[in-house]
Amino acid sequence: MAVPPPPPPPPPPLDEHDWGSGPASPAGQSLAPPVLRVIARFLDAVILGVINFLVALIVLGRDDAAGFRGMGADAGFWKLYLVSLIGIAIAFVWDAVLTRMYGGTPMKLAFGMRVVRADNGGRVEWSHAVTRWAIPGVFALIPIPLLAGLLSLVVVVISLVYIFTKPLRQAVWDQIAKTLVVRPAG
């Protein structure tokens, strides 16, 4: 009876100050530093917030009798719904479409990071990109804003813990989509 080979050694310990080489993906690519991932995600969110604010100004600003500042009382349901749908579409293009086409969101790419498949380090397929986008975004469909925000916050906090402590630095959406965020050399 053959004895199975010993398991591979564990990856080296994580160093959140490591901006270059660090733990590697199964395909040998350097994993992106957690701090860079957080900064890129934050900047992507700020840019999306500005874009969505401008969309809301355009859709609600002129027709709202009280102006944009009074949108809560005077903006019709359908206008608010339209702003929400446009915001979801913009977020989908920003995250899922750009990740599938170019390997990441604009800020990930600006910081030299790419989203790759966890199994082989190759380009992500649509299923990977859409899943990565949908996991944190699915809670927006919950019609109770406080519950939606709370559940989203839980996933983000768990993901932050994971990218700083797990060997492959995978957020919840990375684990479900089977992706990694890498920072290729050069």
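Dipole of the range 34-182, Cα-centred, from +1 at each Lys and Arg C-beta and -1 at each Asp and Glu C-beta, to the nearest 20 debye?
Values: 14 positive and 8 negative charges, 103 e Å.
Dipole size: approximately 500 debye.
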- prompt: Amide H of THR179: which non-local residues (sequence gap of 5 or more, or other chain) have their own amide H closer than 5 Å, using H built in the peptide plane?
  reply: ALA118
field: Full-extension gain in nm, LYS178 to ALA24, via 0.36 nm per residue minus C-alpha separation
entry: 53.9 nm
field: Separation in nanometres of the label points that stand 7 Å from Cα toward Cβ, at ILE144 and ILE39
entry: 3.9 nm
statement: For the range 34-182, averaging the sequence separation of alpha carbon pairs under 8 Å that lie six or more residues apart and dividing by its residue count, the contact order in percent is 21 percent
task: May I have the convex hull volume per residue, in Å³, for the Cα set of the range 34-182?
output: 111 Å³
- request: Place +1 on the Cβ of every Lys and Arg and -1 on the Cβ of every Asp and Glu in the range 79-186, take the dipole about the Cα centre, and give the residue among MET113, LEU160, VAL124 whose Cα lies farthest towards its positive end.
  value: MET113
field: Label-point separation, VAL161 to VAL97 (7 Å along Cα→Cβ), nm
entry: 3.6 nm
- request: Give the whole-number value, in cubic angstrom per residue, of the convex hull volume spanned by the C-alpha atoms of the range 100-150.
  value: 104 Å³
- line: Restricting to lysines and to Cα separations under 17 Å from LYS178, and discarding same-chain partners fewer than 8 apart, the set is LYS166
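Taken together, the values in this text are just the output of simple stated rules run on the coordinates, not laboratory data. Bear in mind that the values here come from a model prediction, so they are computed numbers and not experimental data. Positions of Cβ are backbone-derived with ideal geometry, glycine not excepted, and every protein chain shown enters the neighbour counts.
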